[in-house]
1. May I ask you to list pairs of residues, at least six apart or on different chains, whose Cβ atoms are under 6 Å apart, with the first in the range 267-296 being farther than 30 Å from residue 98 by Cα and the second being assigned to a loop (DSSP other than H, G, I, E, B)?
2. What strands (runs of 3 or more DSSP E) lie completely within the range 95-145 and have 2 or more residues being among the β-branched types (Val, Ile, Thr)?
3. I'm checking my understanding of the structure. Among residues of the range 221-239 that are assigned to a loop (DSSP other than H, G, I, E, B) and buried (at least 16 other Cβ atoms within 10 Å of the Cβ), which one is nearest to the chain's Cα centre (by Cα)?
4. Give just the number: which of (1) without any contact (Cβ under 8 Å) to a residue 60 or more places away in the chain; (2) within 30 Å of residue 12 (Cβ to Cβ); (3) under 19 Å from the mean Cα position of the chain (by Cα) does residue 145 not satisfy?
5. Being under 27 Å from residue 306 (Cα atoms) and of a type in the set (Phe, Trp, Tyr) is true for just one of 169, 142. Which residue is that?
6. If you check 251, 275, which single one turns out to be modelled with pLDDT of 95 or more and either in contact with a helix residue (DSSP H, G or I) (Cβ under 7 Å, 6 or more places away or on another chain) or not in a strand (DSSP E or B) (or both)?
7. Starting from residues that are of a type in the set (Ser, Thr, Tyr) and touching a Phe, Trp or Tyr at 6+ places or on another chain (Cβ under 9 Å), keep the ones in the range 31-45 and report whichever is surrounded by the fewest Cβ atoms within 10 Å (Cβ to Cβ).
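The values are calculated or read from the model by the stated rules, or taken from the named source; none is laboratory data. In this text, all values refer to a predicted model and were calculated from it rather than measured experimentally. Positions of Cβ are backbone-derived with ideal geometry, glycine not excepted, and every protein chain shown enters the neighbour counts.
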Amino acid sequence: MYSSNGTATQAETTTVYGTAKDYSGIASVTVNGVPASYRSSDGYYELAVALVLGDNTFAVAATDGAGNVQRLTLTVKRLPQPDLTMVALADPESGVTGGEVTISNTVTAAPTGGNAGSFYVGIYLSTDATITTADTLLGLRYLTSLSAGEAIAHDTSALIPTSLKPGIYYLGAIADYKNSVIESDETNNVLLGGQFTVIGPDLTVSAVSGPASSGTNANIAISTTVAALASGGNAGSFNMNIYLSTDSTITTSDRKIGFRSFTGMAAGATSTADTVANIPVGIPPGTYYIGAIVDIYNWVTESDETNNSFVGNQITLVGPDLAMSAVSEPAQGGTNGTLTVTNTV
């Protein structure tokens with residue numbers, strides 16, 4: 001006979017199980033006088049039983065078809081359950097997206113409880129003062145064990161996701177957030193810290209320049225510079241479009257002539273590059289503005305979404321000018337006849 005939780009456990013229940021067989025058949029199997037479920041095909045029996053603190057002795061009696069009884073005993077010791085709590089949580093007041101912050105935290109096991117096995121502490125950012133596992137998980141701390149009455153402090157590094165919306169959050173921590181440890185009290189594992197400001201990236205286009213003139217159906221080189229504010233966060237991937245506009249206000253309704261793609265940009269970084277842009281054949285000749293808009297698809301959550309466009313220099317587009325330069329024909333011809341006219345355009 002066996003116990004599903006072994007002979008020493010912090011669980012409040014266990015299952016006593018085993019096999020009982022006889023050529024005359026098994027009439028019944030009981031555990032401490034309570035009938036266990038029995039499967040005649042292979043002789044397997046089991047019964048879920050409650051455990052009290054300390055030693056729990058279980059007597060199994062198997063009765064065969066002839067009335068003979070065989071008895072076995074098993075002792076399972078229930079150990080006291082630990083009670084884990086977070087007792088301290090300290091953090092910086094702010095951090096940038098894509099950056100790391102160090103969060104000091106202390107977890108303890110109640111001295112009146114048992115020892116805890118391995119578990120994780122989860123550190124979270126929440127939009128409200130109620131910390132749950134549904135909030136944004138910033139970092140993890142792993143403990144191999146924690147004895148009753150022991151408290152362990154640690155500085156945990158946490159990464160702020162680049163996708164996190166800038167704003168004010170609450171910091172919190174949850175001891176044993178995966179529920180790996182059976183505790184006497186599962187309701188006191190959460191600790192609310194202070195408020196924490198997440199600073200997002202701020203992308204801007206700081207320069208756009210191209211040639212002063214061009215013909216239509218032509219390729220031109222346009223130089224652009226994109227920057228991420230040094231005091232902001234790191235940005236994930238984004239695109240920038242290059243436009244021709246009839247006025248100095250660059251919008252997505254203007255004519256797109258090129259683009260640049262970025263896998264990301266660190267705070268304080270800049271990127272300058274030439275982009276080959278095509279001037280379409282069908283665009284009317286005239287004077288236009290060259291401009292650009294960064295993060296055109298709003299993939300990056302920025303601290304300022306109003307400064308993503310930039311207007312550069314004007315460009316004059318010269319359309320084609322068709323003219324006939326020569327025409328020659330014979331001096332005379334007959335009616336209902338054919339004339340050959342030579343022309344140059």
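1. Cβ pairs passing all conditions: 279/216; 281/216; 281/217; 283/216; 285/319; 289/248; 290/210.
2. 100-109, 119-126
3. 236
4. (3)
5. Exactly one of 169, 142 is under 27 Å from residue 306 (Cα atoms) and of a type in the set (Phe, Trp, Tyr), namely 169.
6. Result of the check over 251, 275: 251.
7. My answer is 37.
For every residue, the table says whether it meets (1) outside the structural domain of residue 150 (by TED's automatic domain parsing); (2) under 48 Å from the mean Cα position of the chain (by Cα).
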residue	(1), (2)
13	yes, yes
32	yes, no
44	yes, yes
47	yes, yes
56	yes, yes
68	yes, no
72	yes, no
88	no, yes
